[in-house]
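What follows is one structure encoded as structure tokens, with my remarks underneath.
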Amino acid sequence: MAVPRSGAEPRWRSLVRSLLDTLIPLIILAAIWQGSVWIAGLPPKLFPPVEAIVERGFALAANGVLWMHVSATLARLLFGFLLAAVIGVVMGLAMGRSRRVEAFCLPLLSVLMPIPPLAWVPLFILWFGLGNMPTILLVAFAASVPIASTVWTGVRSVNEVWIRAAAIMGVEGREAFWKVVLPGSMPSVLSGLRLGMGRAWPAVVAGEMIAGTESGLGWMIFASREFLSTDVMFVGIGMVGLVGLFLERVVFQTLETRTLKRWGLVSEGAS
Amino acid sequence: MSKFAWKVLRALFPFMVVGLAYEIFARSGFMKPVLAPSLLDVAATFERMVMSGELPRHAAATLLRMGIGFFLAAAAGILLGTLMARIRLVDRLLTPVVGIGLPIPGLAWVPLFVLWFGLGEKATILLVAFSATFPIIVNARMGVMAINPIWIRAARIMETPPSMLFWKVMLPGALPLILSGLRVGLARAWRAVIAGEMIAATSLGLGWAIFNAMEVLNTDVVIAVIIGIGITGYLVETLLFSMIERRYLVRWGMMRGTRE
């Protein structure tokens, strides 16, 4: 069973193998779903058969509705995440470098930490009305706290020797920050951004459900409930998973390997 | 004494600044007073809600839902993770399922749960269980896989029955990782229960209270409940987890008081 995936195996074969490894269990799962729905005699309106979900998925993809929702969600995500990235990175860097900023921000962050960001949405809705604003703010809120705290720890763990070496060579103050501290804390900035994206993605979907955005994947899932379109719901849920996986695996992993390996900042095995 | 007062003042300083900024924002007339109530009003509302037992009641309902959901998630997650680590077929079957389930935010399932089970407890509890299960599975699997094989072989040689192998060798051996999975799961469960209550709850719970107050424009109640959520969340995190960690891990010498 344990086939060693060595270099001896051609690339396409290992690709096919891993594809099969993924697909077969999913097919079995789909079969179990379909079988149990049939056997239990559940109403197909509420428990749609797999083929109906797939069919609806293709139909929504073909008439562009699905892409409209996906792009609306991604746009909100992007706005909120950029906001969070700027706030979080700046705040984290400032906290890591300045005792005073740290003493000021840390208690605030630790008070915010146990409050689920979603709890603020009703307040945002009251202040800014239904629509895009509460969702974008929610995303920004959800992502900026982990980004700030990761960057903060990262900046503090920049090798003290580098800073001292730079100081001996006459690089101090602002220049040392730009040339030594900032590049040195880049790995933690990246992992903070990754963590933040992990929070931002559920947040944008949640926000769309609650804040009445009238477009976006979250809204698509939530609104289908009124028409009992469970097949649309499944398509939406699947799409949320796929896009989330894409953001995590493809976008961030590529970013990490591209940058960190080139900078020589990660050793083998570090995530 | 004056040193102590100075310390307290310094700890409170950031909150005073933020509070003052909010107060200026609230009184500037930029927002209607209904929408941005003064902190004094919020404090009064908070006190009234605590004293009347309203807020504790909401918190208790939320904690109950979260507790049931989290318990289900812990049981299912540890069991599935252990099975995946020990039985190859189960691992191959479930790995893609977990891989797909992990990135889907639990909340995305709620409308479906509501259609299936109606509004109310079931949908919220299921959401909590669903959100918390996946990280627990992943960590339990890693934890069991990382157990020193010599321990398992030694137990086998002594003809340990499977149930005892699970309770006496695998569970304790995998505990540090399982606990960190439970910790991630608990954080997720906490976010999930609030979210679920916002959408699916019918009468009680902190999430429901916020949403309900929003609909009748009681901004002071909204803010008071947010404060209540913060306090409850803090208690859950520190009380529950620090206690468990101190009790088991440090005592068994598996961890030296470090976190995560």
So, first residue more than 10 Å from chain A (Cβ to nearest Cβ) and without any contact (Cβ under 8 Å) to a residue 12 or more places away in the chain in the stretch B:189-214, second residue part of a helix (DSSP H, G or I) and among the aliphatic types (A, V, I, L, M), Cβ within less than 9 Å, six or more apart or across chains; the pairs are B:Ser203/B:Ala61
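Got at least one residue in the stretch A:70-77 being surrounded by fewer than 18 Cβ atoms within 10 Å (Cβ to Cβ) and within 30 Å of A:Thr153 (Cβ to Cβ)?
Filtering the stretch A:70-77 for residues surrounded by fewer than 18 Cβ atoms within 10 Å (Cβ to Cβ) gives A:71, A:74-75.
Subsequent filtering for residues that are within 30 Å of A:Thr153 (Cβ to Cβ) retains A:74.
Yes, the stretch A:70-77 contains a residue that is surrounded by fewer than 18 Cβ atoms within 10 Å (Cβ to Cβ) and within 30 Å of A:Thr153 (Cβ to Cβ).
Identify, from the list A:Trp201, A:Trp219, the residue that is in a helix (DSSP H, G or I), facing another protein chain (nearest Cβ under 10 Å) and within 25 Å of A:Ser144 (Cα to Cα). Full working, then the answer.
Values: A:Trp219 fails: facing another protein chain (nearest Cβ under 10 Å).
Answer to the check: A:Trp201.
Residue by residue, here is whether (1) in a helix (DSSP H, G or I); (2) exposed (fewer than 14 other Cβ atoms within 10 Å of the Cβ); (3) within 12 Å of another protein chain (Cβ to nearest Cβ) holds:
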| residue | (1), (2), (3) |
| --- | --- |
| B:Lys3 | yes, yes, no |
| B:Trp6 | yes, yes, no |
| B:Met31 | no, no, yes |
| B:Asp41 | yes, no, no |
| B:Arg57 | yes, no, no |
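The rows are residues; the columns are (1) at pLDDT below 80; (2) within 10 Å of another protein chain (Cβ to nearest Cβ); (3) surrounded by fewer than 11 Cβ atoms within 10 Å (Cβ to Cβ); (4) within 23 Å of B:Trp109 (Cα to Cα).
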residue	(1), (2), (3), (4)
A:Ser6	yes, no, yes, no
A:Arg11	yes, no, yes, no
A:Leu19	yes, no, yes, no
A:Ile24	no, yes, no, no
A:Ala31	no, no, no, yes
A:Ser36	no, no, no, yes
A:Pro44	yes, no, no, yes
A:Phe47	no, yes, no, yes
Residue count, the stretch A:234-271, condition in a helix (DSSP H, G or I), modelled with pLDDT under 80 and of a type in the set (Gly, Ala, Ser), comes to 0
### Query
Quick check: is even one residue across the stretch B:228-236 within 18 Å of A:Leu126 (Cβ to Cβ) and crowded, with 19+ Cβ neighbours inside 10 Å?
yes
Matching residues in the stretch A:116-171 (over 23 Å from the mean Cα position of the chain (by Cα), of a type outside the set (Ser, Thr, Tyr) and more than 14 Å from chain B (Cβ to nearest Cβ)) number 15
With criteria (1) more than 14 Å from every other protein chain (Cβ to nearest Cβ); (2) over 29 Å from A:Thr230 (Cα atoms); (3) of a type in the set (A, V, I, L, M, F, W, C); (4) touching a Leu at 6+ places or on another chain (Cβ under 6 Å), B:Ile137 comes up short on (2)
Within the stretch B:43-58, residues over 19 Å from B:Ser203 (Cβ atoms) and either touching a Cys at 6+ places or on another chain (Cβ under 8 Å) or of a type outside the set (S, T, N, Q) (or both) come out as B:Ala43, B:Ala44, B:Phe46, B:Glu47, B:Arg48, B:Val50, B:Met51
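State yes or no: is B:Ala61 more than 28 Å from A:Val243 (Cα to Cα) and at the interface with another protein chain (Cβ under 9 Å from one of its Cβ atoms)?
On the way: more than 28 Å from A:Val243 (Cα to Cα): yes; at the interface with another protein chain (Cβ under 9 Å from one of its Cβ atoms): no.
Here the answer is no, as B:Ala61 does not meet what is asked.
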Filter the stretch B:92-135 for residues that are surrounded by fewer than 16 Cβ atoms within 10 Å (Cβ to Cβ) and touching a residue at least 40 places away in the same chain (Cβ under 8 Å); the one that is farthest from A:Glu208 (Cα to Cα) is B:Gly120
Only unsatisfied item for B:Val138, checking (1) surrounded by fewer than 16 Cβ atoms within 10 Å (Cβ to Cβ); (2) of a type in the set (Val, Ile, Thr); (3) within 14 Å of B:Ala75 (Cα to Cα), is (1)
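With B:Ala36, B:Ala26 as the choices, which residue is surrounded by 14 or more Cβ atoms within 10 Å (Cβ to Cβ), touching a helix residue (DSSP H, G or I) at 6+ places or on another chain (Cβ under 6 Å), farther than 30 Å from B:Ala132 by Cα and modelled with pLDDT under 90?
It is B:Ala36.
Please state which one of A:Val171, A:Val158 is farther than 24 Å from B:Glu215 by Cα, of a type in the set (A, V, I, L, M), part of a loop (DSSP other than H, G, I, E, B) and in contact with a Gly (Cβ under 8 Å, 6 or more places away or on another chain).
A:Val158
The values are calculated or read from the model by the stated rules, or taken from the named source; none is laboratory data. If you're wondering where the values come from, they're calculated on a predicted model, not measured in any experiment. Every residue, glycine as well, gets a Cβ built from its backbone with ideal geometry; the counts of neighbours run over all protein chains shown.
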